[in-house]
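First up is the structure itself, then whatever we jot down about it.
The values are calculated or read from the model by the stated rules, or taken from the named source; none is laboratory data. Computed from a predicted model, the values in this text were never measured in an experiment. Virtual Cβ from ideal backbone geometry, glycine too; neighbours counted across all protein chains shown.
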């Protein structure tokens with residue numbers, strides 16, 4: 001069963017009522033306060049505005065959605081516990097009902113669900129560091145790789161090899177299906193921060209990724225690094241960004257003494273749930289991020305070392321923020337058309353640099369409703 005909806009009437013509807021639909025709403029803000037050695041790290045974890053009764057899921061967390069584009073330009077979107085694919089003629093979207101039935105619902109050991117290279121993939125810790133692929137013919141999840149260590153994210157390369165990202169030993173490593181030994185390893189870039197911060201702070205604990213024809217974009221929220229990795233040639237480069245990535249000067253500005261701790265305020269860097277990769281056309285990817293920098297007043301600590309202030313006390317009531325977008329050329333690694341959208345709620349969807357709408361409103365316009373997912377199928381025994 002397929003549900004066909006044209007995107008053009010929806011766009012016309014959205015733009016016609018934009019004063020009502022596109023007004024910025026108070027975002028659902030999930031703060032991340034983490035004690036790591038002598039440091040307390042503060043960074044926004046989720047910037048999504050979520051209407052009552054709605055959910056946005058792919059990584060099992062509100063505000064995390066996933067989109068991918070194949071070589072023909074067809075886009076697959078995993079959101080609201082459903083899987084949607086753009087029609088080949090570019091006139092609308094169709095829901096893939098069989099794949100939607102496999103999207104996670106509520107609490108789940110599935111950490112991430114994404115569509116790559118013609119299939120639905122997922123990462124789960126329920127039976128080890130496992131990556132599985134949904135076999136549509138057998139209607140079952142099959143094991144592809146049991147990773148040797150934990151990892152932050154993954155991508156699927158053309159041909160079926162798996163790229164593990166954010167492992168204990170490397171930024172990324174390529175594995176053939178079923179192989180615990182990597183075919184290629186990409187070391188972490190050297191961070192120019194004090195030695196104790198380099199050792200005690202988990203700089204790579206979460207990442208956002210996007211893959212296209214062997215090229216993989218990696219955004220690491222804590223150092224604010226945007227990297228382009230070519231898994232075929234082995235090239236890895238750090239791209240220039242509109243925000244200031246971590247360096248010695250930025251570390252000094254973001255780190256404030258707060259005995260007995262040092263507070264590392266990363267609110268001027270997009271958090272993991274405040275950043276999106278949005279495919280536009282082959283070779284071009286849209287970036288969208290929400291920023292709301294804020295100052296942190298002095299923290300006090302309990303005897304166990306935990307901060308006494310509540311998260312809402314960290315965030316100033318009069319602080320404001322905005323959605324930002326830009327276009328990234330995968331061939332050159334350059335960003336252009338950076339724009340600020342102070343009237344949009346995050347997350348968003350980009351049709352072009354000129355057409356940016358709140359993702360929740362687009363999905364509502366497509367008459368998407370969150371529905372209880374059926375009981376997931378058991379994975380194939382290993």
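A few remarks follow.
- Test result for residue 52, assigned to a loop (DSSP other than H, G, I, E, B) and at pLDDT below 80: yes
- Sole residue being under 25 Å from residue 132 (Cα atoms), surrounded by 21 or more Cβ atoms within 10 Å (Cβ to Cβ) and either at pLDDT below 60 or out of contact with any helix residue (DSSP H, G or I) (no Cβ under 8 Å at 6 or more places or on another chain) (or both), chosen from 97, 57: 57
- Within segment 64-72, one or more residues are modelled with pLDDT under 65 and closer than 27 Å to residue 224 by Cβ.
- Positions within segment 328-346 being out of contact with any strand residue (DSSP E or B) (no Cβ under 7 Å at 6 or more places or on another chain) and surrounded by 13 or more Cβ atoms within 10 Å (Cβ to Cβ), in sequence order: 343
- Candidate set from segment 131-162 (those that are within 24 Å of residue 202 (Cα to Cα) and in contact (Cβ under 8 Å) with a residue 40 or more places away in the chain); member that is surrounded by the fewest Cβ atoms within 10 Å (Cβ to Cβ): 146
- For the residues 177, 194, 168, the requirement of being under 21 Å from the mean Cα position of the chain (by Cα), touching a residue at least 12 places away in the same chain (Cβ under 8 Å) and surrounded by fewer than 20 Cβ atoms within 10 Å (Cβ to Cβ) singles out 168.
- On inspection, residue 226 passes the criterion of being outside any loop (DSSP other than H, G, I, E, B) and either modelled with pLDDT of 95 or more or surrounded by 14 or more Cβ atoms within 10 Å (Cβ to Cβ) (or both).
- Those strands (runs of 3 or more DSSP E) lying entirely in segment 238-290 with at least 1 residues surrounded by fewer than 18 Cβ atoms within 10 Å (Cβ to Cβ): 255-258, 275-281
- Hits in segment 132-148 (condition: in a loop (DSSP other than H, G, I, E, B), at pLDDT 90 or above and touching a strand residue (DSSP E or B) at 6+ places or on another chain (Cβ under 8 Å)): 147
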